[in-house]
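The values are calculated or read from the model by the stated rules, or taken from the named source; none is laboratory data. Just so it is clear, the structure is predicted and the values come from calculations on it, not from any experiment. Glycine also receives a Cβ, built like all others from the backbone with ideal geometry; neighbour counts cover every protein chain displayed. Only protein heavy atoms, including side chains, enter the accessible area calculation; ligands, DNA and RNA are left aside. Shrake-Rupley method; radii C 1.70, N 1.55, O 1.52, S 1.80 Å.
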Amino acid sequence: MYARHIVKLWRRYQHDAGRSEQVLLFENRTLQPRYFLAIGVVSGIQLVLWSYLSYFALTQLGAEKKSGSDDCEKREKQHHSWALSLKWRAVFSSLALGTGIFFATTACLYPLRMVHKLYFLPSTNAIQLFTYTPLGTMRSVEVPLTRVYCNGSRTSDRTHVALKAQGYPMFFLVDRTQGQFPIPRTFDAVVGSRRRM
């Protein structure tokens with residue numbers, strides 16, 4: 001059912017696409033790879049800083065120089081702060097390291113989800129997604145059309161259209177406010193339909 005409709009649309013727009021083997025369905029020119037490279041660098045720096053804070057909390061937090069005076073020894077025995085306890089230092093250190101890993105992972109996964117270009121490949125009945133990487137380069141993902149599920153509509157009020165591809169744990173995000181749909185009806189028929197996965 002979908003294949004027949006797609007072939008009809010492909011034949012209709014084949015002349016407009018210049019008889020190429022790829023039909024451009026979406027393009028986002030506003031997001032540049034340098035932006036995601038900057039995010040990757042900042043997340044790497046944050047990971048280093050949070051890791052150092054974790055190391056500092058585990059090894060240096062609450063460590064005091066011992067003096068020979070009796071007053072300092074009495075104060076040290078009476079002073080039971082959470083910073084002196086190894087248990088709480090380990091908890092604080094784990095939280096700091098976990099925060100750093102969380103920020104770095106989030107910053108690395110975000111560009112992998114953002115769609116730069118989306119092509120329809122009628123010869124293989126598949127779509128090809130171009131997304132970014134945390135290093136500022138591009139990556140290509142080719143998914144059969146029967147394994148793509150669209151969660152949302154191009155005409156909805158949401159800023160992103162979420163695409164679910166079988167075999168990938170994350171949703172791919174199509175930014176409909178900043179991107180362009182050269183052939184909107186073909187996008188709706190090919191990618192924008194809901195399929196059972």
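Taking the range 157-188 as the range and being open to solvent by less than 30 Å² (accessible area, probe 1.4 Å) and out of contact with any His (no Cβ under 6 Å at 6 or more places or on another chain) as the test, the residues that pass are 161, 162, 163, 165, 172, 174, 179, 183, 186, 187.
Screening residue 140 against (1) surrounded by 13 or more Cβ atoms within 10 Å (Cβ to Cβ); (2) over 14 Å from the mean Cα position of the chain (by Cα); (3) part of a strand (DSSP E or B) leaves a single unmet condition, (1).
From the list 170, 197, 114, 138, which residue is under 30 Å from residue 51 (Cα atoms), at pLDDT below 90 and in contact with a strand residue (DSSP E or B) (Cβ under 9 Å, 6 or more places away or on another chain)?
It is 170.
Residues checked against (1) surrounded by fewer than 18 Cβ atoms within 10 Å (Cβ to Cβ); (2) in a helix (DSSP H, G or I); (3) on the phi > 0 side of the Ramachandran plot; (4) free of Cβ contacts under 8 Å to residues at least 60 places away in the same chain:
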{"residue": "89", "(1), (2), (3), (4)": "no, yes, no, yes"}
{"residue": "95", "(1), (2), (3), (4)": "yes, yes, no, yes"}
{"residue": "98", "(1), (2), (3), (4)": "yes, yes, no, yes"}
{"residue": "104", "(1), (2), (3), (4)": "no, yes, no, no"}
{"residue": "119", "(1), (2), (3), (4)": "no, no, no, no"}
{"residue": "124", "(1), (2), (3), (4)": "yes, no, no, yes"}
{"residue": "129", "(1), (2), (3), (4)": "no, no, no, yes"}
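For the range 106-117, a residue qualifies if it is hydrophobic (A, V, I, L, M, F, W, C) and open to solvent by 30 Å² or more (accessible area, probe 1.4 Å), and the qualifying residues are 108, 109, 112. Evaluating residue 153 against the criteria (1) assigned to a helix (DSSP H, G or I); (2) modelled with pLDDT under 85; (3) not aromatic (Phe, Trp, Tyr) leaves one unmet condition, (1).
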